[in-house]
Structure formats: structure tokens, C-alpha cells
Amino acid sequence: MAKVADLYEVIGDHALAYVSCAVNPTIYSRIFGRFPKPMKSPYYLCLLKVMTGLPKILRDTGLGSPVEFIFDRQMMEEKSILEAWYSFEEQGFIDKNLVKSSPSFKDDKDVYPLQAGDMLAGRMRNSLGNNELRIIQPVPIPMQPVQKTINGHNFVITEDEIKGLSDFMDRAYQTSITGTLGSQVFMSMNLSVLRMGGA
């Protein structure tokens, strides 16, 4: 724990801010299990929440733009994350003035802030209850009262929000036009109709 406290102090000295997004994977899988990939992955909803909340994140944390997203190398998740990203781009959920490029994936041995992110994510994960999400800000460890509190923004996705997105996707499929071009299947959605419907 003493080493953890020292590492946390390093983050506090150098990190500009943090952003966290949490969703209960059991509830998410129960509601979204019927949808195709990449929507089955909890990353889908968390990424959407961060993307749509980005202007507020930048205001709350004082960070500037453009923003670059770098993910830890995760061979099982990279394809799902990129598929979700390109889907959000196509649907207009990503502000091109704030985010200039798609995310990259790097090794945390080469990009040290990824290690800091892992540590803060681990501390937040430990703060979650078994049946509910209770995110706490990563405050200083008690044994090190001189540590600084890290400025940041938390998103906690509730079961009602998961159900709301599920309803949104149902309407998306109902109002979409699908077809094929060669071997590729495509889908076009009328987002204005969806948003008028309460999305």
C-alpha cells in the first residue's frame, strides 16, 4: 500500500485530469445481449457516453482540445472499440472539432499515462458495490494526507439509461434502411426521426 500511495502521488503531480465511465456489465449484458457486435460490449455504451459528454468534460476539467484517445492494447476489444467509434462517427456523435482522429492502441510500457489510468480504474472498480454502482472520486489514500485530489469527471450509467439506449436502438432498426453493396451489408438510420422520438 505504501508503494501504491507513492504511485498515486506521481499521478497527482503530473495528471491534468481524469475521466471515468462505469456500467454494470451483468445488467448491460442482460439488456444488450440480443444486439449484434459491437453493441454487446460494455465499451460501446461507455464510449458513447464519453463522446456525447465530451464538451462537458472539457468544460469541467479545464482541458483543451483537440483530444486524442489512446487505449491500452487489448486484442479482444480493439475491433469492437473501432467498430463502435466508426459507427458513432457516421451517426454524428463525435464532434470533429474536438476529436481529430480515431483512437490508437499502444502498450502501457511505452505510454506511461495508460498505467496511471489502469491504477485509477482499479481504485474505482474497488469502490463499486456488488449490486450497484457507487463511483467515488480517487481521493488521497489516508496514509498519505498530503496527496492532492485529482480533478476529474465521473459518468455512472444506470440501468434506466441502458434501457433507454436499448429502446433507441430498437427504434433505429425499425426506421433504418438496409442493403448490400457487393459483399458488404450497410444500414442507414434517420437520426432526426429518432431524436424527435425522444432519444
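The values are calculated or read from the model by the stated rules, or taken from the named source; none is laboratory data. Please read all numbers here as calculations on a predicted model, not as lab measurements. Cβ atoms come from the backbone with ideal geometry, glycine included; neighbour counts cover every protein chain shown. Just so you know, the surface numbers come from the protein's heavy atoms only, side chains and all, with ligands and any DNA or RNA stripped out. Shrake-Rupley method; radii C 1.70, N 1.55, O 1.52, S 1.80 Å.
Relative contact order for the range 40-110: what is it in percent, counting Cα pairs under 8 Å that are at least 6 residues apart? Intermediate results must be reported in sequence, preceding the final value.
Numbers: 56 pairs, mean separation 32.8, N = 71.
Averaging sequence separation for qualifying contacts and normalising by length gives 46 percent for the range 40-110.
Check VAL99: other-chain or 5+ apart residues with amide H under 5 Å from its amide H, H built from backbone geometry?
So VAL99 has HN proximity to VAL67.
Run the dipole for the range 50-104 about the Cα centre, Lys and Arg Cβ at +1, Asp and Glu Cβ at -1, nothing else charged, and hand back the magnitude in debye, nearest 20. Walk me through the intermediate numbers first.
On the way: 6 positive and 9 negative charges, 40 e Å.
Dipole magnitude for the range 50-104 comes out near 200 debye.
Compare the peptides 155-163, 90-98 by average per-residue count of other Cβ atoms within 10 angstrom and give them in order, highest first. Before the final figure, lay out each step's value.
Working: 155-163: 15.3, 90-98: 13.3.
Answer by packing, highest mean first, reads 155-163, 90-98.
Label the range 2-97 by shape, choosing from rounded, prolate and oblate, from the square roots a ≥ b ≥ c of the eigenvalues of the Cα gyration tensor; if a/c is under 1.5 it is rounded, and otherwise prolate applies when a/b is larger than b/c, oblate when it is not.
It is oblate, given that a/c is not under 1.5 and a/b is not larger than b/c.
Round to the nearest 10 and report in Å² the accessible area of LYS56, as given by a 1.4 Å probe over the protein chains' heavy atoms.
For LYS56, the solvent-accessible surface is approximately 90 Å².
If the limit is 26 Å between Cα atoms, which of LYS79/LYS100; LYS40/LYS109; LYS3/LYS49 go over it?
Details: LYS79/LYS100 20 Å; LYS40/LYS109 29 Å; LYS3/LYS49 33 Å.
The answer is LYS40/LYS109; LYS3/LYS49.
In what order, largest first, do ARG125, ARG73, ARG171 sit by accessible area if the probe radius is 1.4 Å?
On the way: ARG125 145, ARG73 115, ARG171 65 Å².
Putting ARG125, ARG73, ARG171 in descending order of accessible area: ARG125, ARG73, ARG171.
Tell me the relative contact order for the range 17-80 as a rounded percent, counting alpha carbon contacts under 8 Å between residues six or more apart.
Working: 27 pairs, mean separation 22.0, N = 64.
Relative contact order comes out at 34 percent.
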